[in-house]
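Take a look at the structure set out below.
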Amino acid sequence: MRFGRKLIHLESVDSTNNYVANMVKDQGLASGTVIMADDQFAGKGQREAEWLSTAGMNLTLSIYIDDVNLSVDRQFKITQLVALGIHEFLSKNGINSRIKWPNDSMVDGVKIGGILIENHLSGKQIKSSIIGIGLNVNQLDFGDLAATSMSKLTNKSYLLNELYFSLIYTMNAVWERFWSDPSLDRVYLNALFRVNEKANYSDKHGDFIGEICGISPEGKIKIRKSEGVLEYSLKEVKFC
Ligand code: BTN
């Protein structure tokens with residue numbers, strides 16, 4: 001078992017990712033430890049955004065691993081495995097999600113969860129990773145935010161502790177299954193939101209219609225346009 005060898009459950013913290021980083025710095029942390037919080041008062045999202053989650057309603061956790069043997073140019077593999085783990089977990093719970101590249105979990109075009117991975121490098125190798133996961137579970141009201149939750153989709157209410165164990169179990173299983181399996185790229189691609197569908201995007205040249213058709217080894221998205229296939233990194237393309 002890679003993830004969940006130890007669980008530290010906190011009532012309230014700024015951000016579980018920050019908590020892990022501080023623990024690693026101050027006293028060290030065993031690989032596989034998970035920090036889970038009932039409440040995050042300064043949860044971090046992608047691109048410096050906030051991650052908002054009503055206290056006690058959702059899963060907000062971070063996993064620390066320091067035994068990943070991966071070179072920096074393949075760091076996208078961690079994103080793929082974690083995103084697929086959540087996808088598989090939701091599927092086991094009867095929810096058909098898609099991964100919005102690179103790592104948002106979406107259902108019917110609305111976000112249900114997100115991942116924030118912070119890697120610590122040593123030369124060209126990944127020394128350790130903090131894998132932060134936020135998954136909307138029992139929250140029903142998101143105000144103006146375009147978001148959904150497991151409860152909204154299934155009309156059930158969930159025991160967060162039970163879900164935690166089942167999520168960690170699935171994450172471990174997906175990691176073991178795909179770590180050395182070359183089909184990982186294909187399976188990830190097939191789980192993507194808008195894969196092989198004509199849709200609207202914009203890049204520095206303006207709006208265009210394109211079709212997601214692949215992912216490069218570094219994790220760039222490949223979009224087929226009328227003039228050929230282009231590769232984009234995160235800041236270079238917008239989903240419209
Ligand atoms: C996103 O913007 O999609 C990423 C969201 C990641 C949120 C999780 S919640 C647990 C962990 N701690 C944080 O501060 N952020 C991540």
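The numbers here are math on the coordinates, done by the rules we state, and not lab data. From a predicted model like this one, the values you see are computed outputs, not experimental measurements. Cβ atoms come from the backbone with ideal geometry, glycine included; neighbour counts cover every protein chain shown.
Calculate the dipole size of the range 81-240 relative to its Cα centre from +1 charges on Lys and Arg beta carbons and -1 charges on Asp and Glu beta carbons; express the result in debye to the nearest 20. In debye, rounded to 20, the range 81-240 gives about 120. If I fit a long axis through the Cα atoms of helix 76-92 and take the longest principal axis of the Cα atoms of the chain, what angle between them do I get, 0 to 90°, rounded to 10? The answer is roughly 80 degrees. The local environment of Phe208, defined by Cβ-Cβ distances under 12 Å, has a net charge of +1 under the rule Lys, Arg +1 and Asp, Glu -1. A simple count of charges around Ser97, restricted to other residues whose Cβ falls under 14 Å of its Cβ and scoring Lys, Arg +1 and Asp, Glu -1, yields +3.
Computed on the Cα trace of the chain, the radius of gyration divided by the Kirkwood hydrodynamic radius gives Rg/Rh = 0.96.
What is the sum of charges around Asn18, taking Lys and Arg as +1, Asp and Glu as -1, for the other residues whose C-beta is under 10 Å from the C-beta of Asn18?
The answer is -1.
In this model, which of Lys6/Lys100; Lys100/Lys152; Lys44/Lys235; Lys77/Lys235; Lys111/Lys235; Lys92/Lys124 are farther than 28 Å apart at the alpha-carbon? Among Lys6/Lys100; Lys100/Lys152; Lys44/Lys235; Lys77/Lys235; Lys111/Lys235; Lys92/Lys124, the Cα-Cα distance tops 28 Å for Lys6/Lys100; Lys92/Lys124.
In units of the rule-of-thumb radius 2.2 N^0.38 Å, the range 1-111 shows an alpha carbon radius of gyration of 1.12. Distance between the C-alpha centres of the range 208-240 and the range 139-204: 21 Å, rounded to the whole angstrom. Under a no-solvent Debye model with one identical scatterer per Cα of the range 60-173, what's log10 I(q)/I(0) at q = 0.14, 0.17 Å⁻¹? With no solvent term, the Cα-only Debye profile gives -0.58, -0.82.
Relative to the longest principal axis of the Cα atoms of the chain, the long axis of helix 160-178 makes an angle of roughly 50 degrees.
Helix 16-26 and the longest principal axis of the Cα set of the chain meet at an angle near 60°.
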